[in-house]
Amino acid sequence: QVHVVESGGGLVQAGGSLRLSCTASGSGLSINVMAWYRQVPGKQRELVATITSGGITNYAGSLKGRFTISRDNTKDTVYLQMNSLEPEDAATYYCNVNGLAGFWKRPFASWGQGTQVSVST
């Protein structure tokens, strides 16, 4: 079983910054892609950014330049640096991790419980 835990959310003023963290834990992990999504009530969950084990990144077009995804493979951790936050960025941010796990290296895809980001004007 793979556990994914996010942290770093909170309340920030418009124009401010936050750094989210997400750590995966489990036996025999070999993580491929780590990703951040976000969701507001009543809307579909949307992709924010992804990063491969080799460091290749991909961003939702509207967020590139303000958000930066990075990862520490030695810690099975992914980060999301969010700058120049806008009220429209307020959402619950979820981490998604996929790869192989366990003695038999079975494929997995796991979500965290989410961390809330609020942006005040």
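Criterion applied to 50, 92 was being in a strand (DSSP E or B), of a type in the set (S, T, N, Q), without any contact (Cβ under 8 Å) to a residue 40 or more places away in the chain and open to solvent by less than 60 Å² (accessible area, probe 1.4 Å), and the one residue passing it is 50. For the stretch 17-38, taking the residues that are part of a strand (DSSP E or B) and among the hydroxyl-bearing types (Ser, Thr, Tyr), the one that is surrounded by the most Cβ atoms within 10 Å (Cβ to Cβ) is identified as 37. Beta carbons closer than 8 Å, at least 6 apart along the sequence or on distinct chains, pair a first residue in the stretch 60-84 that is at negative phi with a second that is assigned to a loop (DSSP other than H, G, I, E, B) and among the charged types (D, E, K, R) for 82/66; 83/66. Taken together, the criteria exclude residue 41 from residues that are over 15 Å from the mean Cα position of the chain (by Cα), without any contact (Cβ under 8 Å) to a residue 24 or more places away in the chain and in a strand (DSSP E or B).
The values are calculated or read from the model by the stated rules, or taken from the named source; none is laboratory data. Here the structure is a predicted model, which is why all the values come from computation and not from measurement. Methodologically, a virtual Cβ is constructed for each residue, glycine included, from the backbone with ideal geometry; neighbour enumeration extends over all protein chains shown. Protein only, heavy atoms only, side chains kept; ligands, DNA and RNA dropped before computing areas. Shrake-Rupley method; radii C 1.70, N 1.55, O 1.52, S 1.80 Å.
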